[in-house]
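Only one structure is covered here, and it is reproduced in the block below.
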Amino acid sequence: MRSRFRALAGLATLAIVFSACGSSGATTNPTVGPTTGPTGAASGTAGTSPEPTAAPSYDTTPVTIKVWDYYGDTTPIKPTLDGFKKEFPWITIDYQALDWDSMNEKFKAGLGAGEVPDLATLDMTWIPTLAANGALEDLTPISGGRVNGKPITDQYTQGAIDAMTFGNQMVSMLYDFDTYSLYYRKDLFDQKGIAVPTNWDQFRAAAKALAESSKPGGKLDKYLTAIRPNSFHFAQYLYQDGGSLLNPDNTAAVFNSPAGVDAVNIQKALLDDGSGKYWSDADGDLTPAIKSGEVAMFQDGPYYMGLLKSGVPEQSGKWAVATAPYSKQPGSYLGGTGLGIPVQAMHKDAAWLLAQYLLRPEQQVGVFNYAGAAPATTAALQSADLTKPDPYFGGEQPFSVFLESMKTSRPFPYVGAWDDIDVAIADAMQKALLGKAPVQTALDDAVTETNALLKK
Amino acid sequence: MIASIARRFRGASAGYLLIAPVLVATVVFLVIPMVVSGYWSLTHYNGIKPPQFVGLQNYLDVLSNPRFQRAFQNTIFFVVMGMGIGPLLGLGSAILLNDNLRLRALFRTSFFLPTMTSLIVVATIWKLMYADNGIINAVAAFFSLPGHPWLTDPTTALPAVVVTAIWQGFGFETVVFLAALQAVPKEYYEAATMDGAGPWAKFRWVTLPGIRPTIVFVYVIGIIGSFQTFDQVFVMTNGGPIQATRTIVFDLVDRFNKLDIGGASAVAYILLVFLAVLSYVQLRLGESRD
């Protein structure tokens, strides 16, 4: 009896060991190439458009695809899934809602473990690292250069296509876009007789006129202009002054040019004269400061429209959006959310069907209606929902401003070391804006570090 | 020899079977990952393509990387400040609680409560307290003192994070020291009193030797924990400003997020070796005076 017990316990132990050591993460990658979805010749160049083909035929073998979505409560994706299921009944969606931070970590952890979704929302700033490591499927063969039967090139701006392309591979489909314009408290501008700034001198003057002190004779602490020490805002001002981050072939950093120094100095000037409010990324989003009245002007993307409406509803009607004031030319960084299919995904073709569905104009409008963000396809941007007067913004049409900004936006350089370069630029901004180093020195140091990273 | 081993196993077989699940879990969830991570530290590996053996290159890259060097420096500061102040506070509060004062249980619970609270919650609360319009600056303003950007000033950001860690951690030290103090035989204090020893002499010659093993334990565990600081930094400052709060584990996670699994593993092993050596030295120092 005792020996039988020992034998059973020993067998149980062995079973636990072998099951734990067994490969649960191994997945086989399906053959790349459309077995479902629109048929058509694959193109070797990202985004090119072959001849139109016959109506699509699908492999209707039942399949379940995993979708990871970081939009949170305001997701525009989840409301579309019932409609997708009706149209593609053999495809079941295993939908998982995550937040932006968790998605970054979970996705990367999943890559190592082979536990990846079939389709995920990915911040465009993550794309360089993911694409450089071969984590994302090249969508050129699977798409045949077309989305929903139409050429990709007809549905996005050139900047958007550049943002979706790494090397000669199309690694994501831009789902919402992010480009900066000027948000300002119109009620205060009207009250104080401040004109909407169109250049940097006017911007500085407007910021000064806007700022107030809550105590007589005290430090300016109300209605300030947010100054954000990160690469997004540095790039904004840099591009506006005619500068660039890297040289055309992305082999050397050039952001320590006079344009780069000017880009930092305009922000530093606002901090020095007290009209600027230093707000780092670690401080989170601006809504608490906006709510308290501490911040009354800032530059940011369309998604802030949703943040203002949900976080500061009491200020409805007081805000407006205008083209960001520039020094030499309009310019902004271009980012947003892309739909990506991991190279390890089990059901790429079905995932591509869902991606196309989400990019239909009627679904893209949901990006605005649910998330308050800007849909990426040009067709959706013309829709009535996006061009109707917005009561939060005094009955104006803020999307038209962002659409204009999108035309002169460019994505960050798609180099594998971008994450580290981003940190180098942010550090330089912080050093310069906090007065820890002269502006030129801070930028020169960051350029030296960036060049070393580019050589690796 | 095999027969004697088999005989010994038969004699203790029930014990081995009882500890088998824990042993298996330790092997599966600790030993195997450590071995695999050790292998990865010798490769260029991004979690997607097969690992490419590069020998000690990852270690050389990590040790020569300025951000890692800064992280190491910051971590040393964190440990020195945290372990310099935290255990002293813990011992001090334990000594106060060791007297039979009223509501001792309430005080003990209050001191230990932060230790039981989630690191993320504590860090979030302190981040709000440190904010420009937070309670710390509000109190300063009440006394007509200027406010300060505690977490955005590179000079004060790290000390501010350490203060948070001390506030959360000293309750654990209090409870541990209190238990140790209560285990020191009262006769020793009586004997010291009869010999004319004052409070300081009693503390120096009775209390400290009596709780020496606990002091060693607190410092070994505390230093290991401090070297692994991540949560407070992630929530409060995200490693900034200007890498002023970047710690070793933050550097490790950052590498992982960049899909540099080999580099992240190298950081983990550098930390492991450093902590193992440090712990060995501490234990030997703790033993040498016994």
(Q) Can you name every one of the helices (runs of 4 or more DSSP H) wholly within region B:99-159 that holds 2 or more residues which are touching a strand residue (DSSP E or B) at 6+ places or on another chain (Cβ under 9 Å)? (A) none
Q | Residue satisfying condition, being in contact (Cβ under 8 Å) with a residue 60 or more places away in the chain, within 14 Å of chain A (Cβ to nearest Cβ) and crowded, with 18+ Cβ neighbours inside 10 Å, within set B:PHE68, B:PHE78 | A | B:PHE68
Q: Tell me which residues, restricted to region A:189-225, are farther than 16 Å from A:VAL295 by Cβ, within 30 Å of the chain's Cα centre (by Cα) and part of a helix (DSSP H, G or I).
A: A:TRP200, A:ASP201, A:GLN202, A:ARG204
Q) Has region A:45-62 got at least one residue that is surrounded by 12 or more Cβ atoms within 10 Å (Cβ to Cβ) and modelled with pLDDT of 85 or more? A) no
Q | Qualifying residues in region A:310-343 (those that are under 21 Å from A:TYR175 (Cβ atoms) and of a type in the set (S, T, N, Q)) - the one modelled with the lowest pLDDT | A | A:SER310
**Q.** Residues that are within 10 Å of chain A (Cβ to nearest Cβ), in contact with a Phe, Trp or Tyr (Cβ under 9 Å, 6 or more places away or on another chain) and either farther than 19 Å from B:LEU158 by Cβ or part of a helix (DSSP H, G or I) (or both), drawn from region B:236-254
**A.** B:MET236, B:VAL253
Q: Keeping to region A:240-297, report how many residues are within 14 Å of chain B (Cβ to nearest Cβ), within 26 Å of the chain's Cα centre (by Cα) and surrounded by fewer than 18 Cβ atoms within 10 Å (Cβ to Cβ).
A: 6
Q.
Can you name every one of the helices (runs of 4 or more DSSP H) wholly within region A:337-456 that holds 1 or more residues which are away from every other protein chain (no Cβ under 14 Å)?
A. A:348-358, A:361-371, A:378-381, A:384-387, A:398-407, A:439-455
Q) Hey, among A:LYS436, A:LYS407, which residue is over 16 Å from the mean Cα position of the chain (by Cα) and at pLDDT below 90? A) A:LYS407
**Q.** Test for B:TYR219: is it touching a Pro at 6+ places or on another chain (Cβ under 7 Å) and modelled with pLDDT of 90 or more
**A.** yes
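Picking from B:ALA123, B:ALA138, B:ALA131, which residue would you name as being within 14 Å of chain A (Cβ to nearest Cβ), within 23 Å of the chain's Cα centre (by Cα) and within 22 Å of A:PRO288 (Cα to Cα)?
Checking each option against the conditions leaves just B:ALA123.
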(Q) Looking at B:THR229, B:THR193, can you tell me which residue is away from chain A (no Cβ under 14 Å), polar (S, T, N, Q) and part of a loop (DSSP other than H, G, I, E, B)? (A) B:THR229
Q) Right, B:GLY47: assigned to a loop (DSSP other than H, G, I, E, B), surrounded by 11 or more Cβ atoms within 10 Å (Cβ to Cβ) and in contact with a helix residue (DSSP H, G or I) (Cβ under 9 Å, 6 or more places away or on another chain) or not? A) yes
Q: Consider only pairs whose beta carbons are under 6 Å apart and that are at least six residues apart or on different chains; among these, list those whose first residue lies in region B:246-257 and is farther than 17 Å from A:ASN104 by Cβ and whose second residue is of a type in the set (D, E, K, R).
A: B:ARG246/B:ARG70
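The values are calculated or read from the model by the stated rules, or taken from the named source; none is laboratory data. Here the structure is a predicted model, which is why all the values come from computation and not from measurement. All Cβ positions, glycine included, derive from the backbone under ideal geometry; neighbour counts span all protein chains shown.
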